[in-house]
1. Mind listing whichever residues of the stretch 155-170 are loosely packed, with under 11 Cβ neighbours inside 10 Å and of a type in the set (Gly, Ala, Ser)?
2. Return the only residue of Arg125, Arg116, Arg79, Arg109 being surrounded by 14 or more Cβ atoms within 10 Å (Cβ to Cβ) and modelled with pLDDT under 90.
3. Which pairs turn up if I take residues in the stretch 223-242 that are under 14 Å from Glu183 (Cα atoms) and look for partners that are modelled with pLDDT of 75 or more and among the polar types (S, T, N, Q) with beta carbon separation below 6 Å, at least 6 apart in sequence or on another chain?
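The values are calculated or read from the model by the stated rules, or taken from the named source; none is laboratory data. For clarity, every value in this text was computed on a predicted model and none was experimentally measured. Note: ideal-geometry Cβ built from the backbone for every residue, glycine included; neighbour counts use all protein chains shown. Protein only, heavy atoms only, side chains kept; ligands, DNA and RNA dropped before computing areas. Shrake-Rupley method; radii C 1.70, N 1.55, O 1.52, S 1.80 Å.
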Amino acid sequence: NAKTRHFAKINKYELKLKQSLDSMGQLGMTDAPPPREHPAEQRPPPSTPPPQHIPLSCPATLNTILNNATPPCPAPLSRPARKATDVIMKIEHDARDSAAMLDFDDSNRPSDDALRLLLDSVCRRIDSHQQSLERILNQTESVVIHKQRVIELLCNIQSKITQLGALIPPAPPAKEPVMIASEPCNLIIDVMTMVVKMAMATNLSQQTGGAETDPEYTDNQKVVLDQLPTSLYSIIKQFNFD
């Protein structure tokens, strides 16, 4: 009887333990310990994807760089636009050479005569370049922008020419020989002599013995008439003109 009661107690404890385990399984509880979490300072940093390569063959805007998008390449220029660009580049190169010729200080400043010739030469070149740019009518955006930039460069050079031109005195007037034609002068001298003779002959008698003759001048009038020039050569000789 004692042994029977002992086994009955063991069965009773096993039944209770089994019921307890079943109830713990229904509540989601397990005997395994919960996993340990890593502290925040020991967690590995999140991996970042490698940056994408953006081609630099074409100019890119800020938005395209941020969006990791390949920027569009500019459209190729047409043949007239390329020709206009070549002409503008040649004008710009020559204009920069002209500006370099005017870039000097007081220590290496040329003489007044040399500076006057230099400014005259550069001014003619700038005028020629401006006329060439006026004949470029291509309306491609890049051509128009390049053309406007060169026009501003030429205007700056013209301002430099004006500033340097104010530092030199004006050139003396050139002495040119005075050319006088002899035939018109001889005609004027003959007309003047004839007028003087007519004025002197107004009070003279023109008839002698009933016949019409030349007027007879007095001695004083003859002296005056003899002193009148007869040609341009006689005037030059009388006054010792070269």
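1. Correct list: Ser159, Ala166.
2. Working: Arg125 fails: modelled with pLDDT under 90; Arg79 fails: surrounded by 14 or more Cβ atoms within 10 Å (Cβ to Cβ); Arg109 fails: surrounded by 14 or more Cβ atoms within 10 Å (Cβ to Cβ).
Answer to the check: Arg116.
3. Partner pairs satisfying both residue conditions: Ser231/Asn186; Leu232/Asn186.
A quick yes/no check of all residues on (1) open to solvent by less than 60 Å² (accessible area, probe 1.4 Å); (2) not basic (Lys, Arg):
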residue	(1), (2)
Ala99	yes, yes
Arg135	no, no
Ile145	no, yes
Ile151	yes, yes
